[in-house]
């Protein structure tokens, strides 16, 4: 469901997914950005969606099996354009809270 959040077109559904996937005070780091809590993480993902996916320009997808090891998760992803060509790639490393939601996430774009 983590990848689905970044491609979700419906604002309400995106918010529900953020709350389901991220712990209440989760932290998400991407480049120089730091988002803490549902409101900031939702705003970050909504902004990314508005810039790229909403215009039908790009789509994020998982490219390998998600790796889960003792409460740490790695998700490899890429971004494709409207023609299906890869325009970016990277991975997210996350630690999970005791309820299985993301507690801290770090995004590494190549």
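Listed by first and then second residue, the pairs with beta-carbon distance under 9 Å, at least 6 apart or on different chains, first residue in the stretch 16-39 and at pLDDT below 95, second surrounded by 13 or more Cβ atoms within 10 Å (Cβ to Cβ) and assigned to a strand (DSSP E or B), are 30/92; 30/105; 30/106; 30/107; 30/108; 31/107; 33/107. Is there a residue being in contact with a strand residue (DSSP E or B) (Cβ under 7 Å, 6 or more places away or on another chain), loosely packed, with under 13 Cβ neighbours inside 10 Å and not in a loop (DSSP other than H, G, I, E, B) anywhere in the stretch 90-99? Checked against the condition, which is being in contact with a strand residue (DSSP E or B) (Cβ under 7 Å, 6 or more places away or on another chain), loosely packed, with under 13 Cβ neighbours inside 10 Å and not in a loop (DSSP other than H, G, I, E, B), the stretch 90-99 yields no hits at all.
Which members of the stretch 8-23 meet the condition of being within 17 Å of residue 94 (Cα to Cα) and in contact with a helix residue (DSSP H, G or I) (Cβ under 7 Å, 6 or more places away or on another chain)?
17, 18, 19, 21, 22
When residues in the stretch 54-69 are screened for being exposed (fewer than 12 other Cβ atoms within 10 Å of the Cβ) and closer than 20 Å to residue 108 by Cβ, 3 of them pass. Within the stretch 62-87, residues that are over 19 Å from residue 2 (Cβ atoms) reach partners that are modelled with pLDDT under 90 and outside any strand (DSSP E or B) with beta carbons closer than 8 Å, at six or more positions or on different chains, in the pairs 81/57; 82/56; 82/57. If you go through the stretch 28-42 and keep only what is exposed (fewer than 13 other Cβ atoms within 10 Å of the Cβ) and under 24 Å from residue 88 (Cβ atoms), you end up with 31, 32, 33, 34. Checked against the criterion of being closer than 17 Å to residue 109 by Cβ and surrounded by fewer than 17 Cβ atoms within 10 Å (Cβ to Cβ), the candidates 25, 51 yield just one match: 51.
Count of the stretch 48-81 residues, restricted to those that are under 12 Å from the mean Cα position of the chain (by Cα) and in a helix (DSSP H, G or I), is 2. Scanning the stretch 3-20 for residues that are surrounded by 16 or more Cβ atoms within 10 Å (Cβ to Cβ) and out of contact with any strand residue (DSSP E or B) (no Cβ under 6 Å at 6 or more places or on another chain), we see that the one that is nearest to residue 81 (Cα to Cα) is 8.
The values are calculated or read from the model by the stated rules, or taken from the named source; none is laboratory data. Keep in mind that this is a model prediction, so the values were computed, not measured. Neighbour counts run over all protein chains shown; Cβ positions are idealised from the backbone, glycine included.
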